[in-house]
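Below: the structure, in structure tokens.
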């Protein structure tokens, strides 16, 4: 099997590539734009590196030729004013990938998505795989458009709606740890339901989606726990042996995001926090994982954060 991973130089893309190499799941073609993949992913006879630009369809032809399955991670995240570019970088660029893949006989695309595309959900009323939800943030709105285009054009494809991935070396978790160690980690007071998944179980679900030829459609990827963002951060800080996160007024968190975006805009640097990140972070989410357990991962390595806390 030949597998293309877009955004292979990124955090989750490189994580999955390492896992697939260890599982000997197939030949990996790792697609990058500017930044190169980590050196340990350059394995003769097992991986090949290809540079391509999602904004240019002609550059994608070489990347997708001979490929069976594409796992799509590539995108722009840490940049100011995402409402100005995500309608292009998420939807238009993804359309380019879908169209070129379809023309070149790719069997299916696996889109890494998230439960937020259905709007607010909970463990009592979980996300169930709908395409007619009412997402709140621009990230979620544009990702839903990607899903709709994918299934309209390559109906045997897959959307993995993934909860919060946790574990060592996960970018957002490491950022939270750094902030906590410097007594800068804060969160709003309102309880926000989240759905967690360990990085090991996330990779196992992705691998099963790749190798199971019968798998298609929407899968919610999450563990069996019931926890809020605030509770998770409390547990994480206890595990890291640092002070608990500050309980902050929402206006202060939005102000910090505005300052980050302003600095990013004038310097061209990344923006570790944006107002849209807060918008999506405040949306409670929980997905129905019945299809995941049936088709992809019948038994999780870490059923709840209590099992996986030591991996942080």
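Scanning region 276-293 for residues that are within 30 Å of residue 26 (Cα to Cα), buried (at least 16 other Cβ atoms within 10 Å of the Cβ) and touching a helix residue (DSSP H, G or I) at 6+ places or on another chain (Cβ under 7 Å) turns up at least one hit. Looking across region 1-29, the residues that are farther than 15 Å from residue 208 by Cα and in a loop (DSSP other than H, G, I, E, B) come down to 7, 8, 9, 10. Per the listing 44, 25, the residue uniquely at pLDDT below 90 and surrounded by fewer than 23 Cβ atoms within 10 Å (Cβ to Cβ) is 25. Taken over region 101-125, the residue count meeting the criterion of being buried (at least 23 other Cβ atoms within 10 Å of the Cβ) and part of a helix (DSSP H, G or I) is 5.
The values are calculated or read from the model by the stated rules, or taken from the named source; none is laboratory data. Keep in mind it's a predicted model, so treat the numbers as computed, not measured. Positions of Cβ are backbone-derived with ideal geometry, glycine not excepted, and every protein chain shown enters the neighbour counts.
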